[in-house]
Amino acid sequence: MQPDLLITQLQDKNEKAFRRIYEMYSENVLGIIQTIVRDAELAEEVMQDVFIKVWNNATSYDASKGRFFTWILNIARNAAIDKTRSKAYKNKKQNHQASFFVDILEAKDSFVAKVDAIGIKKYIGKLKPVCKEIIELIFFKGYTHKETAEALTMPLGTVKTRNRNCIKELRAALNLT
Amino acid sequence: MINIEEYISSGILELYVAGALSPQEEVEVTALVNQHPELQQEVEEIEAALLQLSAAASPGVNQESFSAIQKLLRETKVVALPSATSSSTKTTAFIGWAAAILALVGLFFIYQENQALESQLSDQLDEKERLQDSIQVAAKQLEELKIYTNAIRREETVKVKLAGQAVSPTSVATVHWDKKENKVYIDASGLPEPPPGKVYQVWSLKLEPLTPTSIGLLDDFASDDNKVFILPNANTSEAFGITLEPAGGSDAPTMEQLYTLGAV
């Protein structure tokens, strides 16, 4: 459920509401950033910046234009992508190799408390290669479905339905149907 | 009225939650989701799955992070407060002063550099003058040597060798007497350098009776590299002698200080 009351309180500069929002979304924000910057220390920095933006720009969230999670997701991806373009990042990550979110998930043996570890492991275990790519681009990298279609040379409709199927499998693994 | 089943299976809701739609499409989907509880339910489930997926990628939020955010927010707040204008003015003033001081330091260095260059230039000019002087000296000496060489080559020039005397037996000198021009060219290179406050004086001598007549001083002996001196001599000389005299010369020769002597 979208925390509508908390969002309104946040927009009224309520610090308690801000703390609750932070507790609700900080791991998600950090996870998104981590898949982009691939450096836990830098990711933490970017995550802090993202929540400062959330606090400062809370009133720019408009519930009639989309989900609050989607709004935060966009801020997080943009901040992380900005970081990867910074000189400091490029100096630190000279030998950085592009890899998928799956590599991060596969390499992990423990997850943060709110994650259904068994469900996620089950999901990763039978994740199709096409899902790796589509979820990476659409969800973690913030590609539009048009950009994804171009990147994967797939028709638009195919991207849409494949993406749905990939997320459907995730929901099944997590018992969210 | 839309077909809910079809709408869900199109995959647009997954794109909606992931933020992959255009702002226009997002507004449209939001409106439909708010109207249809089935869509609302679907969106919540998609979002729940994606929340799980993104949290699974998290390396684990640092316990300190929230207080770090609060600290950062307080710092930005201070700047944003209207009462903070004075502190921001102070900062501006400080930056201004710092810039002014930096500029002064820079100017001071430029001034010093300029002084150093000027002093260097002045040294160079001195060196140039010194070189010009020595060129002039060399040219003058060369001219003197030419005159000397020409003079001693002339037929009417008489060569008189002056031999060392008791006070300085090793001294020698040569007088070339150009009788036509009434000049003597004295090669004094065989004489020792006179002690300070003393000067060589050249005498024309008549022998019967012995009458010395001064024909001049060997001025600036030490600094004259050629040691060639040209003096006028209109006398009917029978001999020449060179004595060491007090600076400025004497009216009569100091015979104890007779260095060289030679008869024509």
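The values are calculated or read from the model by the stated rules, or taken from the named source; none is laboratory data. What you see is a predicted model, and the numbers here were worked out from it, not measured in a lab. Note that each Cβ is placed from the backbone with ideal geometry, even for glycine, and that neighbours are counted across all protein chains shown.
For the range B:171-191, indicate whether the set of residues that are more than 23 Å from residue B:219 (Cα to Cα) and of a type in the set (Val, Ile, Thr) is non-empty.
no
Confirm whether residue A:75 is within 7 Å of another protein chain (Cβ to nearest Cβ), in a helix (DSSP H, G or I) and touching a Lys or Arg at 6+ places or on another chain (Cβ under 8 Å).
The answer is no for residue A:75.
For the range B:161-255, give me every one of the strands (runs of 3 or more DSSP E) that falls completely inside it and has 1 or more residues that are of a type in the set (Phe, Trp, Tyr).
Those strands (runs of 3 or more DSSP E) span B:173-178, B:183-187, B:198-206, B:228-232, B:239-246.
Need pairs with beta-carbon distance below 6 Å; first residue assigned by TED's automatic domain parsing to the domain that holds residue A:152 and in contact (Cβ under 8 Å) with a residue 12 or more places away in the chain and within the range A:123-140, second surrounded by 18 or more Cβ atoms within 10 Å (Cβ to Cβ) and among the β-branched types (Val, Ile, Thr); sequence gap 6+ or separate chains.
Between residues of the range A:123-140 that are assigned by TED's automatic domain parsing to the domain that holds residue A:152 and in contact (Cβ under 8 Å) with a residue 12 or more places away in the chain and residues that are surrounded by 18 or more Cβ atoms within 10 Å (Cβ to Cβ) and among the β-branched types (Val, Ile, Thr), the close pairs are A:132/A:102; A:137/A:148; A:138/A:148; A:140/A:35.
Count, please, the residues in the range B:37-69 that happen to be among the small types (Gly, Ala, Ser), part of a helix (DSSP H, G or I) and either at pLDDT 95 or above or under 25 Å from residue A:169 (Cα atoms) (or both).
5
Would you say residue A:176 is outside any helix (DSSP H, G or I) and either closer than 24 Å to residue A:29 by Cβ or without any contact (Cβ under 8 Å) to a residue 40 or more places away in the chain (or both)?
Answer is yes for this residue.
Mind telling me which of the residues A:76, A:40 ends up being surrounded by fewer than 21 Cβ atoms within 10 Å (Cβ to Cβ), within 14 Å of residue B:55 (Cα to Cα), aliphatic (A, V, I, L, M) and under 18 Å from the mean Cα position of the chain (by Cα)?
None of the others qualify; the one that does is A:40.
Name every residue in the range A:49-61 that is over 14 Å from residue B:19 (Cβ atoms) and surrounded by fewer than 22 Cβ atoms within 10 Å (Cβ to Cβ), in order of residue number.
A:49, A:52, A:53, A:55, A:56, A:57, A:58, A:59, A:60, listed by residue number.
Within the range B:48-65, how many residues are at the interface with chain A (Cβ under 7 Å from one of its Cβ atoms) and under 60 Å from the mean Cα position of the chain (by Cα)?
Total meeting the criteria: 2.
May I ask you to list the residues in the range B:171-223 that are among the charged types (D, E, K, R) and without any contact (Cβ under 8 Å) to a residue 12 or more places away in the chain?
Answer for the range B:171-223, where residues must be among the charged types (D, E, K, R) and without any contact (Cβ under 8 Å) to a residue 12 or more places away in the chain: B:208, B:220.
Mind checking which residues of the range A:1-18 are in a helix (DSSP H, G or I) and either under 14 Å from residue A:71 (Cβ atoms) or more than 13 Å from chain B (Cβ to nearest Cβ) (or both)?
A:4, A:5, A:6, A:7, A:8, A:9, A:10, A:11, A:17
Here is a check on your reading of the model: is residue B:45 of a type in the set (D, E, K, R), within 9 Å of chain A (Cβ to nearest Cβ) and either touching a residue at least 24 places away in the same chain (Cβ under 8 Å) or within 24 Å of residue A:120 (Cα to Cα) (or both)?
Considered against the rule, which asks whether it is of a type in the set (D, E, K, R), within 9 Å of chain A (Cβ to nearest Cβ) and either touching a residue at least 24 places away in the same chain (Cβ under 8 Å) or within 24 Å of residue A:120 (Cα to Cα) (or both), residue B:45 comes out as yes.
Which one is surrounded by the most Cβ atoms within 10 Å (Cβ to Cβ) among residues in the range B:165-199 that are out of contact with any strand residue (DSSP E or B) (no Cβ under 8 Å at 6 or more places or on another chain) and of a type in the set (D, E, K, R)?
Here the residue is B:181.
Consider residue A:153 carefully, then state whether it is more than 24 Å from residue A:30 (Cα to Cα), within 7 Å of chain B (Cβ to nearest Cβ) and surrounded by fewer than 18 Cβ atoms within 10 Å (Cβ to Cβ).
no
For residue A:108, are the conditions met, namely being more than 30 Å from residue A:5 (Cβ to Cβ), within 8 Å of chain B (Cβ to nearest Cβ) and among the basic types (Lys, Arg)?
Here the answer is yes, as residue A:108 does meet what is asked.
Among (1) facing chain B (nearest Cβ under 10 Å); (2) over 23 Å from residue B:22 (Cβ atoms); (3) in contact with a Lys or Arg (Cβ under 8 Å, 6 or more places away or on another chain), there is one condition residue A:131 misses while meeting the rest; what is its number?
Condition (1) is where residue A:131 drops out.
How many residues, within the range B:223-233, are at pLDDT 85 or above and either over 16 Å from residue B:192 (Cβ atoms) or surrounded by fewer than 16 Cβ atoms within 10 Å (Cβ to Cβ) (or both)?
Qualifying residue count, the range B:223-233: 5.
Pick from the range B:19-42 the residues that are touching a Phe, Trp or Tyr at 6+ places or on another chain (Cβ under 8 Å) and of a type in the set (D, E, K, R): which of them is farthest from the other protein chains (Cβ to nearest Cβ)?
Across the range B:19-42, the extreme among qualifying residues is B:25.
Within the range B:119-141, track down each residue that is at pLDDT 85 or above and under 30 Å from residue B:179 (Cβ atoms).
B:139
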